[in-house]
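Report on the following structure.
The values are calculated or read from the model by the stated rules, or taken from the named source; none is laboratory data. Note that this is a predicted model, so its numbers are computed, not measured. Don't worry about glycine lacking a Cβ; one is built from the backbone with ideal geometry, like all the others, and counts go over all protein chains shown.
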Ligand code: BES
Ligand code: ZN
């Protein structure tokens, strides 16, 4: 195994699950491993404590006249459940079929370490970098980066830079270099519906008092109209229409046709807002998703019960220029208004993130495209992303700098799911990409 893969395996062995307080020490140990790795490369490092998980910073010696490039990544990972569906243990990385299998392999340790190892290689080959570099790594991305925003505000001057690069997004298909110039935003919320003060016999009381599980089903159903448009009043008010050039460009992009969607997802048919292709629905249109729904008896056989309460968790993916707080208010109003009689509803608004869009043809955007072309041998496709990385718009607001999103995550990499994997080829491509990127940015 190469030294680079050995490093990745060491990095992947930390179960740095940010949402689970039982893993807080693992997250911390992972941050310390990073500090050691970066120190070993001759960079100046800082570990910043936060109320939760540490932030890691590293820099080379900055020189006047050189461009400053900030590279962001996250070393925390998602939980692994259902763990029984993994073909190999999530924190014991393995290579099979030219892929690295482990939680975090793609999201985001593999992509992030590729940047680190690209820098290491350039330093070994040239003794210096063509740019002033700032590495900014957090351990809280998967829980909405609660401590990075205050950190950015506090260290605004120290983080001053000309460009930001992030590899934490997708590549539309293997061998198709991809640059993202947009992300969807997000608003999360939860509803708790309560009826009788305790579970009731569904024969003795059913029909005379309202059923909270039925009420949750009604609320879920009220979010969309019959043909899939979101039925929340004012939801689309601030949605920026798709540009013609984007629609034409996206129609040519491989890997996102209706046929690809069926193949990748295993769904029996595609679904969504009328008048839009799958790519448009994913990258430029907002959604209302139910992430979980529960209430009543879930065990074997039947149980004649009228449950006292029921719940659902929602997330809304947002596009420019929707505002997550405004959407949260509209959702809350909608759910309260559509609550059927006989139950009470409590809406708890969760974390959120703003949508992001930038110009892929800016000077830095062109450098990003050139780097992808040099590293992967063909011109990149330009997409917006369906996923969210809220800190990208926060960095735009606070540091006033746009991000180049140079994604290496393939459609079948299973991020957030069992059997997450990362192509060895993309890991190696990511290392090359970092090397040429710094050269292109320095021009
Ligand atoms: N790396 C992903 C986001 C992503 C994946 C963007 C693939 C584009 C393509 C990131 O780690 C993530 O999962 N973000 C969360 C954000 C949420 C927890 C605020 C998401 O999108 O659900
Ligand atoms: Zn990620």
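So here's what we get for this one:
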| quantity | calculated |
| --- | --- |
| Residue within segment 195-206 that is surrounded by fewer than 17 Cβ atoms within 10 Å (Cβ to Cβ) and free of Cβ contacts under 8 Å to residues at least 40 places away in the same chain present | yes |
| Segment 379-412, residues that are away from ligand 1 (no atom under 12 Å from the Cβ), surrounded by fewer than 24 Cβ atoms within 10 Å (Cβ to Cβ) and under 20 Å from residue 249 (Cα atoms) | 379, 380, 381, 382 |
| Residue check for residue 292: within 15 Å of ligand 1 (Cβ to nearest atom) and without any contact (Cβ under 8 Å) to a residue 60 or more places away in the chain | yes |
| Condition met for residue 187 (touching a helix residue (DSSP H, G or I) at 6+ places or on another chain (Cβ under 9 Å), within 30 Å of residue 340 (Cα to Cα) and more than 16 Å from ligand 2 (Cβ to nearest atom)) | yes |
| Whichever residue in segment 60-86 is within 16 Å of ligand 2 (Cβ to nearest atom) and either without any contact (Cβ under 8 Å) to a residue 40 or more places away in the chain or under 19 Å from residue 434 (Cα atoms) (or both) and, among such residues, is farthest from the chain's Cα centre (by Cα) | 71 |
| Single residue of 51, 89 found to be free of Cβ contacts under 8 Å to residues at least 12 places away in the same chain, assigned to a loop (DSSP other than H, G, I, E, B) and more than 27 Å from residue 163 (Cβ to Cβ) | 89 |
| Residue match in segment 62-69 (condition: part of a strand (DSSP E or B), over 29 Å from residue 419 (Cβ atoms), away from ligand 1 (no atom under 16 Å from the Cβ) and modelled with pLDDT of 95 or more) | yes |
| Unmet requirement for residue 145, which otherwise passes all of (1) in a strand (DSSP E or B); (2) within 15 Å of the chain's Cα centre (by Cα) | (1) |
| Which listed residue, of 100, 95, 186, 134, is touching a strand residue (DSSP E or B) at 6+ places or on another chain (Cβ under 9 Å), under 18 Å from residue 399 (Cα atoms) and assigned to a strand (DSSP E or B) | 134 |
| Selection status of residue 45, more than 16 Å from ligand 2 (Cβ to nearest atom), modelled with pLDDT of 95 or more and not in a helix (DSSP H, G or I) | yes |
| Enumerated strands (runs of 3 or more DSSP E) restricted to segment 327-443, each holding at least 1 residues that are within 16 Å of ligand 2 (Cβ to nearest atom) and in contact (Cβ under 8 Å) with a residue 60 or more places away in the chain | 344-353, 403-407, 421-423 |
| Extreme residue, nearest to residue 396 (Cα to Cα), among residues of segment 140-183 that are within 12 Å of ligand 1 (Cβ to nearest atom) and out of contact with any strand residue (DSSP E or B) (no Cβ under 7 Å at 6 or more places or on another chain) | 146 |
| Criterion: in contact with a helix residue (DSSP H, G or I) (Cβ under 6 Å, 6 or more places away or on another chain) and closer than 22 Å to residue 357 by Cα - qualifying residue of 279, 288, 284 | 279 |
| Set 318, 372: member being buried (at least 21 other Cβ atoms within 10 Å of the Cβ) and under 13 Å from residue 178 (Cα atoms) | 372 |
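Yes/no matrix, rows are residues, columns are (1) over 20 Å from residue 33 (Cβ atoms); (2) in contact with a helix residue (DSSP H, G or I) (Cβ under 8 Å, 6 or more places away or on another chain); (3) within 16 Å of ligand 2 (Cβ to nearest atom):
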{"position": "102", "(1), (2), (3)": "no, yes, yes"}
{"position": "112", "(1), (2), (3)": "no, no, yes"}
{"position": "127", "(1), (2), (3)": "yes, no, no"}
{"position": "136", "(1), (2), (3)": "no, no, yes"}
